[in-house]
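The values are calculated or read from the model by the stated rules, or taken from the named source; none is laboratory data. Only a predicted model underlies this, so the values are computations on that prediction, with no experimental measurement involved. Backbone-built Cβ (ideal geometry, glycine too); neighbour counts: all protein chains shown. Accessible surface areas use protein heavy atoms only, side chains included; no ligands, DNA or RNA. Shrake-Rupley method; radii C 1.70, N 1.55, O 1.52, S 1.80 Å.
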Amino acid sequence: MSDCLFCKIINGEIPSNKLYEDDKILAFYDISPIAPVHFLVIPKEHIQSVDAVNAQNSEVVAYIFAKIAKKAGIENGYRVVSNCGHDAGQTVPHLHFHVLGGKEMNWEV
Ligand code: 5GP
Ligand code: ZN
């Protein structure tokens, strides 16, 4: 999608600090980290949010999780978050998983 921020990061129009990339997914560090380790993992295919995951496009989600487990490299555990829609605070309408770690986290909403 031409007006999507994360599609622009995927195609190099907007620079990012990349952690991992292959033909299906990209992982890059969040520009405003909220934990000592905070990166985003996104599919290269434009999927709007978790809400738009379906039987036809869900393979990449399993692929992302398989890669997160291997790439996170965070010794004491990590949290995966995907904000979906307005109330969750989703600001970029391209499916992304926040991977947070490097400190003990509480659980507040
Ligand atoms: P959301 O609020 O949609 O769950 O998460 C979007 C995330 O993208 C935010 O944590 C925000 O800091 C990050 N972000 C927004 N614009 C950019 C950018 O241009 N580069 C990078 N690396 N992260 C961005
Ligand atoms: Zn996109």
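Of all residues in region 1-33, those that are at pLDDT below 95 and aliphatic (A, V, I, L, M) total 2. Of the residues Ile64, Ile74, the single one that is assigned to a loop (DSSP other than H, G, I, E, B) and more than 10 Å from ligand 1 (Cβ to nearest atom) is Ile74. Of all the numbered requirements in (1) more than 26 Å from Met105 (Cα to Cα); (2) in contact (Cβ under 8 Å) with a residue 40 or more places away in the chain; (3) more than 14 Å from ligand 2 (Cβ to nearest atom); (4) small (Gly, Ala, Ser), Ser58 misses one, and that requirement is (2). The conditions of being touching a strand residue (DSSP E or B) at 6+ places or on another chain (Cβ under 8 Å) and of a type in the set (Asp, Glu) are met by Glu21. The residues on offer are Val41, Val37, Val53, and the sole one that is surrounded by 13 or more Cβ atoms within 10 Å (Cβ to Cβ), over 22 Å from Cys84 (Cβ atoms) and either among the aliphatic types (A, V, I, L, M) or near ligand 2 (Cβ under 9 Å from one of its atoms) (or both) is Val37.
In this structure, Ser58 does not satisfy being among the polar types (S, T, N, Q), under 13 Å from the mean Cα position of the chain (by Cα), within 20 Å of Phe6 (Cα to Cα) and modelled with pLDDT of 95 or more.
Given the structure, is Val80 open to solvent by 30 Å² or more (accessible area, probe 1.4 Å) and assigned to a strand (DSSP E or B)?
Working: open to solvent by 30 Å² or more (accessible area, probe 1.4 Å): yes; assigned to a strand (DSSP E or B): yes.
Yes: the conditions hold for Val80.
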